[in-house]
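The block underneath contains the structure these notes are about, expressed in structure tokens.
The values are calculated or read from the model by the stated rules, or taken from the named source; none is laboratory data. Treat the numbers as computed from the prediction; the structure is a model and nothing was measured. Positions of Cβ are backbone-derived with ideal geometry, glycine not excepted, and every protein chain shown enters the neighbour counts. Each accessible area value is taken on the protein alone, full model and side chains, heavy atoms only, with ligands, DNA and RNA left out. Shrake-Rupley method; radii C 1.70, N 1.55, O 1.52, S 1.80 Å.
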Amino acid sequence: MPKIANRRRVLVTGGAGFLGSHLCERLLDRGDDVLCVDNLYSGAKDNIAHLLGHAHFEFMRHDITFPLYVEVEEIYNLACPASPVHYQSDPVQTTKTSVHGTINMLGLAKRVRASIFQASTSEVYGDPLVHPQVEDYWGNVNPIGPRACYDEGKRCAETLFFDYHRQHNLQIKVARIFNTYGPRMHANDGRVVSNFIVQALKQEPITVFGDGSQTRSFCYVDDMVEAVLRFMDTPAQHVGPLNLGNPDEFTILDLAKRVITLTRSKSEIVFSPLPTDDPKQRRPDISRARQLLDWQPLTRPEDGLVKTIQYFRRAMGFD
């Protein structure tokens, strides 16, 4: 194959995770050389197994809390467990990944003069007092609660990104990613979409925390990756933070009912106490993303859920 003149050398940390593996695919599809770095704490080789034979894909098992010395032109920093089950099982390591790991990636970007993207999160808004959440909102976060390792870790990572940008003129992009779902989600990650689907397919009771009136908005993974790539390709003065997500909001109870219908499950819905600091509302204002990226989610919830259910059917051996 002839060399592509504008082929970029791209590093994706957390590249064997749910979102990271989809991003690696898209980068390869557009003709980039992709270095996927992951310590496989919450990522999985199965997510990237189909990419391992690709001539322009390389996998490196590495923990970004330790320095990494490679030559790249773009960095997508997605490394950090993103589900409560994973980030609460080792909260100190979660914070280290967001702080030490981010410092290491920013140091790498500074050394090689690479542009760098930070996968921040809607969790920086905490249990919001403003709805929907806009980028100018500073949040309502419990700094000492069981979710703080992730929430505050990501908030600190944003601080570091903007300080490197101001102090070292580093080219940065910071996106606040709202709930995302799709194929390759971890079956036991504790996220509501995967939980409901797995329970429904197993004909087990579907566990809804609280009374199910809390709301979420879910973005299909293909739409999210498209937004991330568009943001990275914007002019340097657009640094964020930028909300990326789907503003189509519905209750957790409604989601449970949709999953039961789409899986044709006989599962019943049971209710459990709401976890500590679990947000009651979560919906992005994506006005800035619409204007800057000419983007909005295109996948209807039912269509995305059907694709995700099909993935779990295959993964769990039901097909």
Scan region 202-217 and give yes if some residue there is buried (at least 18 other Cβ atoms within 10 Å of the Cβ), under 22 Å from the mean Cα position of the chain (by Cα) and not polar (S, T, N, Q), otherwise no. yes
List pairs: first residue in region 146-173 and in contact (Cβ under 8 Å) with a residue 40 or more places away in the chain and closer than 10 Å to VAL99 by Cα, second residue open to solvent by 10 Å² or more (accessible area, probe 1.4 Å) and in a helix (DSSP H, G or I) anywhere in the structure, Cβ distance under 6 angstrom, at least six positions apart or on different chains. GLY153/THR95; CYS156/VAL99
Residue count, region 1-50, condition touching an Asp or Glu at 6+ places or on another chain (Cβ under 7 Å), basic (Lys, Arg) and surrounded by 14 or more Cβ atoms within 10 Å (Cβ to Cβ), comes to 2
Check every one of the helices (runs of 4 or more DSSP H) wholly within region 188-270 and list those with 1 or more residues that are at pLDDT 95 or above and among the aromatic types (Phe, Trp, Tyr). 192-201, 221-232
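Scan region 144-156 for residues that are surrounded by fewer than 17 Cβ atoms within 10 Å (Cβ to Cβ) and modelled with pLDDT under 95 and jot them down.
Across region 144-156, the qualifying residues are GLY145, PRO146.
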How many residues of region 116-143 are open to solvent by less than 20 Å² (accessible area, probe 1.4 Å) and either more than 19 Å from the chain's Cα centre (by Cα) or aromatic (Phe, Trp, Tyr) (or both)? The answer is 3
Of the residues that make up region 289-299, is at least one within 20 Å of the chain's Cα centre (by Cα), closer than 19 Å to ARG176 by Cα, open to solvent by 30 Å² or more (accessible area, probe 1.4 Å) and not hydrophobic (A, V, I, L, M, F, W, C)? yes
For the structure I just gave you, tell me whether SER120 is closer than 26 Å to VAL85 by Cα and of a type in the set (S, T, N, Q). yes
Please enumerate the residues belonging to region 238-288 that are open to solvent by 20 Å² or more (accessible area, probe 1.4 Å), small (Gly, Ala, Ser) and either under 15 Å from LEU305 (Cα atoms) or touching a helix residue (DSSP H, G or I) at 6+ places or on another chain (Cβ under 9 Å) (or both). GLY240
Which condition breaks for THR95 when tested against (1) β-branched (Val, Ile, Thr); (2) within 24 Å of ASN195 (Cα to Cα); (3) open to solvent by 10 Å² or more (accessible area, probe 1.4 Å)? (2)
Mind checking which residues of region 180-224 are among the acidic types (Asp, Glu) and either in contact with a Pro (Cβ under 8 Å, 6 or more places away or on another chain) or farther than 15 Å from VAL306 by Cα (or both)? ASP189, GLU204, ASP211, ASP223
Limited to region 51-82, what total is found for residues that are surrounded by fewer than 19 Cβ atoms within 10 Å (Cβ to Cβ) and closer than 14 Å to GLY17 by Cα? 3
